[in-house]
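Right, one structure below, let's go through it.
The values are calculated or read from the model by the stated rules, or taken from the named source; none is laboratory data. Predicted model, so just to flag it, every value in this text is computed and none were measured. So basically every Cβ, Gly included, is an ideal-geometry build from the backbone, and we count neighbours across all protein chains shown. Heads up: the accessible areas ignore ligands, DNA and RNA and are worked out on the full protein's heavy atoms, side chains in. Shrake-Rupley method; radii C 1.70, N 1.55, O 1.52, S 1.80 Å.
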Amino acid sequence: MVCPEFSHPQSSSPMAKPRNRSFWCLPDAFLVFGVAFLALLLVASFWSFFTPTPNFEPTVTDPPSKLNMNPVDCSESGFGVNLKSDPKNPTFYDDPEMSYSLEKPVKDWDKKRADWLKHHPSFAAGARERIVLVTGSQPKPCKNPIGDHLLLRFFKNKVDYCRIHGYDIFYNNLLLHPKMGSYWAKLPVVKAAMLAHPEAEWIWWVDSDALFTDMEFKLPLERYKNHNLVVHGWPKLIYEKKSWTSLNAGVFLIRNCQWSMDLINTWSSMGPMSKDYEKWGQIQRSTFKDKLFPESDDQSAMVYLLYIEKEKYYDHIYLEGEFYFEGYWVEIVGGYENTTERYLEIERGAPKLRRRHAEKVSEQYAAFREEFLKEAGNGKGSWRRPLITHFTGCQPCSGDHNQMYAGESCWNGMVKALNFADNQVLRKYGFVHSDLHDFSTVTEIPFDYPADEGPW
């Protein structure tokens, strides 16, 4: 029974009997409230069952040992080095006499670097193979309308390569020495990088107009274990032809050691910071008859040191000529399509190479591919991917170029090379440039796992 007071307005009839009505409504009211309360409890119980109550307290989970997981030390990077520890032990960084400048030579660098590694033991493991890639460009915007875009893509290419192989990269767009501009600007950057990265065994300089066109290939560091500098070059051209182009100084790998510090001091003393800069230009031209311009340049300076002081330098410098440590673009870009087709042909017959995989494990697939590249050859005429294509004679930022070829051939060649390299990266993400001459479009590629050939 529902009490009239709760369902209708109270009657004003004189015949009403308030006392009796109150008496009977009171139990009914309790009953109504009880039923409503029970209903609310029932609804709440169902609600809590289907919608768990949020927990605002810290969650307590099982320890990693019970979950069959290894505990993670968040102070370490993915490469097992501790990025949050710099002990208070004094190192060369605390020496006020140390300088990043070329004017002040670094002494006893091997010991200083070894002491730093001793105080940072997590970096010691793997230090012998650790590489920092260094590159850069001019401080101001490019004059060439597409120059800044091209430089961005050249830099992206280097970032891609370093990410795939776990290398650090430093990009510099400032003159670290006011007199050391143009091709000499690399030397103060390389010295500064050596001091900034005592954990690295090698500093790899790559010019801004050079790009990686074999994203899988990894330097054979074991080959260079007894050398401190690696450049692309040919002894015959140095000692018989006496050519200033007998090596290319736009790409070099230099060991982070005292020998290299001394070399940089000697090398830079032939540059614009020297009071004898003009004289060095004359000496280089008289030594190398094919050098046509009067200024001392970094490449001629290196060839000169090897030629004049062979006993001092030759045994420490590896002239890499077995593969395209850097390759002249004119003899390379025309073969990209053939190279692409030859690599695809290999994959058609090797399902494990065609298998899609995470970018982080790319080096395993590079090792798989090597067995199929034995007949590819190296260098000119080879259908193997060149490690680095170098656009020597083309200046993407200024727009200047060697008069041997038209500017359009430079820029078109760069687009083609960049897309050729980019395809090797994009495949890990499911896309490719179907046209090597077109920056803007990509095509999705299907997963291609032959079901009858196992997990590959």
The stretch 352-415: trypsin sites (Lys or Arg not before Pro) in DSSP coil with no more than 10 other Cβ atoms inside 10 Å:
374
Treating only the Cβ of Lys, Arg, Asp and Glu as charged (+1, +1, -1, -1), what charge dipole size does the stretch 305-456 show about its Cα centre? Round to the nearest 20 debye.
280 debye
Distant-in-sequence amide H partners of residue 320 (H built 1.01 Å from N, under 5 Å):
231, 232, 233
Amide H of residue 134 versus every other amide H placed in the peptide plane: which residues, excluding those fewer than 5 positions away on the same chain, fall under 5 Å?
170, 204, 205, 206
How do 181-189, 203-211 rank on mean C-beta neighbours within 10 Å, highest first?
203-211, 181-189
Given a 1.4 angstrom probe, I'd like the percentage of the accessible area of the stretch 157-218 that is carbon and sulfur, rounded to a whole number.
58 percent
How far apart, in nm, are the 7 Å Cα→Cβ label points at residue 148 and residue 85?
4.4 nm
Global form of the stretch 308-456, assessed from the alpha-carbon gyration tensor, a/c cut-off 1.5
oblate
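Using a Förster distance of 22 angstrom, determine the FRET efficiency expected from the C-beta separation of residue 431 and residue 405, and round it to 0.05. Mind showing how you got there, number by number?
On the way: r = 32 Å, r/R0 = 1.44.
Calculated value: 0.10.
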Give a residue-ordered list of calculated ³J(HN,Hα) values for the stretch 128-135 (Karplus: 6.51 cos²θ - 1.76 cosθ + 1.60, θ = phi - 60°; whole Hz; x for Gly, Pro).
5, 10, 7, 10, 10, 8, 10, 8
Heavy-atom accessible area of residue 404 with all protein chains present, probe 1.4 Å, nearest 10 Å²?
140 Å²
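Greater than 32 Å separation of Cα atoms is the criterion. Which listed pairs, 118/352; 186/416; 104/312, meet it? Before the final figure, lay out each step's value.
Values: 118/352 42 Å; 186/416 27 Å; 104/312 22 Å.
Over 32 Å Cα-Cα: 118/352.
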What is the spin-label model distance, in nm, from residue 279 to residue 309 if the labels are put 7 Å beyond Cα along the C-beta direction?
1.6 nm
Full-extension gain in nm, residue 444 to residue 370, via 0.36 nm per residue minus C-alpha separation:
24.0 nm
Calculate the dipole size of the stretch 157-313 relative to its Cα centre from +1 charges on Lys and Arg beta carbons and -1 charges on Asp and Glu beta carbons; express the result in debye to the nearest 20.
400 debye
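May I ask you to order 274-286, 416-428 by the average number of other C-beta atoms within 10 Å around their residues, highest value first? Let's see the in-between values first.
On the way: 274-286: 14.7, 416-428: 21.1.
Packing proxy ranking, top to bottom: 416-428, 274-286.
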Heavy atoms of residue 100 accessible to a 1.4 Å probe, total area in Å² rounded to 10:
120 Å²
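Ordering 383, 329 by how much accessible area each has at a 1.4 Å probe, largest first, what is the list? All intermediate terms of the calculation are to be shown ahead of the outcome.
On the way: 383 35, 329 10 Å².
In descending accessible area the options line up as 383, 329.
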Roughly how many whole Å is it from the C-alpha centroid of the stretch 284-331 to that of the stretch 249-270?
13 Å
Measure out, as a whole number of angstrom, how far apart the alpha-carbon centroids of the stretch 136-165 and the stretch 347-398 sit.
21 Å
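Can you figure out the FRET efficiency of residue 236 with residue 93, using R₀ = 45 Å and their beta-carbon distance, to the nearest 0.05?
Details: r = 44 Å, r/R0 = 0.99.
Plugging the Cβ-Cβ distance into 1/(1 + (r/R0)^6) gives 0.50.
With every protein chain kept in the model, how would you rank 410, 142 by accessible area, 1.4 Å probe, largest at the top? Write down the numbers at each step before the final one.
Values: 410 0, 142 20 Å².
Largest accessible area first, the residues go 142, 410.
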Under a point spin-label approximation (7 Å from Cα along Cα-to-Cβ), what is the residue 183-residue 171 distance to one decimal in nm?
2.4 nm
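Could you calculate the contour length gain from residue 110 to residue 378, that is, 0.36 nm times the residue separation minus the distance between their Cα atoms, to one decimal place in nm? Mind showing how you got there, number by number?
Values: separation 268, 0.36 × 268 = 96.48 nm, distance 3.55 nm.
So the chain would gain 92.9 nm between residue 110 and residue 378.
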The stretch 96-430 - Rg (one decimal) and Dmax (whole number), Cα, Å:
20.1, 62
